[in-house]
Structure formats: structure tokens, C-alpha cells
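A short worksheet on the structure shown next.
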Amino acid sequence: MAEIVMAYSASHAPMMTADPGSAPRQQAENFFSALEKVRDTAKETGVQAIVMMTGEHFTNFFLDGLPQIAVGLDEEHLGPPEVWLQVPKKMVPSHAGLAAHITESLIEQGQQPALSHGMKVDHGFMTVYYWLDPTMELPMVPIVLNCTTPPLMTTKQYWDFGVAIGDAIRSYEGLERVGLVAGGGLSHFVGEPRVGDIDEEFDRWFLDQLGRGDLSEILAVPNDVLMEAGNGTGEVRAWIALAAAMHSAPGKVLAYEAVYEWINGMGVVLYEGDRQAAARS
Amino acid sequence: MTLYMVQRCLFDHLRRLEAAGDGPRPDMVTDGYKLTSEERRAVTEPDIGAIYRMGVHPVIINGFCRALGYKRADYRPLLQQADGDTARRRTPWQKS
């Protein structure tokens, strides 16, 4: 059976690769240092493949057929489609066996993921993945989530989804060491009158809950109220799912910076792997 | 005629721009989309405020503004002027 040997959530502002120097130097250093620590952790754990969840940006789906959750099922996925992202275009390897198992297991557990072939992995994946593995050789199973187009799944539903995806990964027999990654968030406003704002109060409130391993407050927030923190902020649904997959263990907040030049609250939260968490408890 | 048609029109335009790369910039195409005259005016002029008021998805607005070469400082005021409802509701995370 697979073990989740590492898990982390990180913001995925396009500017972090497209124009990293646009941020104040200290803020960029703090954020990127956290991603370097995650990269070191990945090396130490010998992770064989990752499963990554992030928001859909109309890269793979549009309003004529928009799933709430879709799993990329191919052996490899093209990324990134954005030519300006400053990440080399590449067929990113995946692990089709793990992807198929996750899909089947999710359905058995009462979830309804869409099946997707030909999925492209846009900035939502590639900004974070490129920092994890600049060679882009580490297999990545992509999962896209609808985080911006109402009606949306609630935070509680994403919690349940996260529990299911944790169980799905751990019941896979084809690998031993798997990583789980959430990309997106924290607060940001896109294509609306508050574009460029960052809701720092929300970000710190949410990170505090992740750090304590108690998400009861955000799980009680209705979708329309969550939207007040920014119409892009709903991507924290991926972070909630990841926390649920890690049995609500306390996460370590490695960094938080409100980077106005990137129009995004930028955070990184790292979780202990299954074995470490079991040893501690 | 429908918000979906406006969004489809804009989305298809963005995809055509993407496909064109550094080549000649394609014009906005409205033929084949069931649009009212006001919708056609808003997408061809273009009128960002009107597009926002129609309820076009913010990800499409963001992409459209970027494709037009607008900086955030250019289009934020256009959206603010179009926003009739500026009241913010109380949230659990607000301290003050």
C-alpha cells in the first residue's frame, strides 16, 4: 500500500515564475525559501509520484461542460499552455495506474470525479510543480477543481473529498511513496473591482486554522461569504481537501507573504508524512 | 441573448488570439453568436464595464483585459465604476 510521505499546499500566482523579480526581494526570498524546504523534503522522502489538486482556469473545461472535479488519466500531460509563464513547455509525466485507481476509489467512496484525457497542466500546477522538480521528471497526477464558477461545492464537501482522496492514495498498491500537493489561493481578486486587493486578515485566519489542525471555522463558512475574501480565494478548497487527506494534522506554516505585485496572498504549509505523524501520535 | 453566448464569444476570441501567437492579431468575431446589439457593441468596442455588469466570468474578464494590453491600473477603475454594489458584508475573519 502507498504511504503519503509528504504533503503541502502552496499558492500558485503566475508571476512567481513569469516575473519573480517584481516582488519585494525579502518577500520573494521568504516564499521561495519555503518552496526550497519542500523540495528538500521531497528528496529526503524519496517520493515516487505526486498527486496535485488545483483550480480549473478554463484551460481544460469551459461553461459548456464544467466538472466540479476531474482527474487527468493519461501517462503524461502537456504543460504549461501559457507561453508567458517562463516555464519550459513539456509533456509532464504522470502515473496512469495511480490516476485510474484514485478515480475508481473516489467513485466507490461516493465522489463523482469526471474522467479526463488530454488534460493540460497550466500555471495552477506548473508554478508549484516546477519549484518542486525543475527537471519536471517527477510523475504528477493532475486533478482540477472548480473553485470559481458557482454553484460551487462547499468547503465541507471538499473536506469529505479530501478524506476520500487520502484513502484512495493509501489504498494503491502500485507505489510505496506518494506526495500530495494543493495549489492555489491564498486570497486574491481577479477580473473584478477589487482586483489587486489581498485579504490579509482572511489569509492569517485560515493559516492559523491549518497550523492548529482545526478547520471547523472555515468549514462553517458558506460559499457566498467565502467569496468576500476574493473571487480567486476559493482555491483554498484544494488546501482544505489536503488537510482532510492528512487527517487534520497540524500543518507547519513555512511562509506567508502578501505580495501585492503578484496580486496574491502567498503561503506554503507543509505536513508530516504518514509515518512521522503516526510516530508522533 | 444569453450570458453564455457573450462568454462563449469572448472565450473563443481569447483562444484565437492564443493560437495566433506572434502572427496577425485576429479581429473579434460576433457572427454565429446570438447576441443583442448591446452585447455586440460591448464586446467589439470593447466596453469592459458593460461586460462586467452583464455578469461575465471574472476569469474571462481578466484574460480579455490582458489580451487588450491593459494593466491592472487601467481596468480596475473601469470595473469599479461599473460596480453598483460596493457594500461588503461582515465576515468571520474580520477583526475590525
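The values are calculated or read from the model by the stated rules, or taken from the named source; none is laboratory data. Computed from a prediction, not measured in an experiment: that's the story for all the values here. A quick note on method: Cβ atoms are made from the backbone with ideal geometry, for glycine too, and the neighbour counts reach across all protein chains shown.
Of note:
Here's the yes/no breakdown for (1) within 13 Å of chain B (Cβ to nearest Cβ); (2) outside any helix (DSSP H, G or I):
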| site | (1), (2) |
| --- | --- |
| A:Leu175 | no, yes |
| A:Gly179 | no, yes |
| A:Gly191 | yes, yes |
| A:Gly196 | yes, yes |
| A:Glu201 | yes, no |
| A:Arg204 | yes, no |
| A:Asp208 | yes, no |
| A:Asp224 | yes, no |
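- Taken as a whole, the structure places B:Tyr4 among residues that are within 11 Å of chain A (Cβ to nearest Cβ) and of a type outside the set (Val, Ile, Thr).
- Meets criteria (touching a His at 6+ places or on another chain (Cβ under 8 Å) and either of a type outside the set (A, V, I, L, M) or farther than 25 Å from A:Gly234 by Cα (or both)) for B:Val59: no
- Residue check, A:Val221 more than 23 Å from B:Phe64 (Cβ to Cβ) and surrounded by fewer than 15 Cβ atoms within 10 Å (Cβ to Cβ): no
- Any hit, the range A:158-178, residues being closer than 23 Å to B:Pro58 by Cβ and crowded, with 22+ Cβ neighbours inside 10 Å: yes
- Matching entry among A:Gly55, A:Gly46, A:Gly110, A:Gly97 (being more than 14 Å from every other protein chain (Cβ to nearest Cβ), touching a residue at least 40 places away in the same chain (Cβ under 8 Å) and within 18 Å of A:Pro142 (Cα to Cα)): A:Gly97
- Residues in the range B:51-96 that are exposed (fewer than 10 other Cβ atoms within 10 Å of the Cβ) and hydrophobic (A, V, I, L, M, F, W, C) were compared, and the one that is farthest from the chain's Cα centre (by Cα) is B:Ala87.
- In the range B:55-77, of all residues being hydrophobic (A, V, I, L, M, F, W, C) and under 21 Å from B:His13 (Cα atoms), the one that is nearest to the other protein chains (Cβ to nearest Cβ) corresponds to B:Ile61.
- Scanning the range A:229-269 for residues being among the aromatic types (Phe, Trp, Tyr) and touching a Pro at 6+ places or on another chain (Cβ under 7 Å) gives a total of 0.
- Filter pass, B:Tyr52 being modelled with pLDDT of 95 or more, within 22 Å of A:Thr149 (Cα to Cα) and at the interface with chain A (Cβ under 8 Å from one of its Cβ atoms): yes
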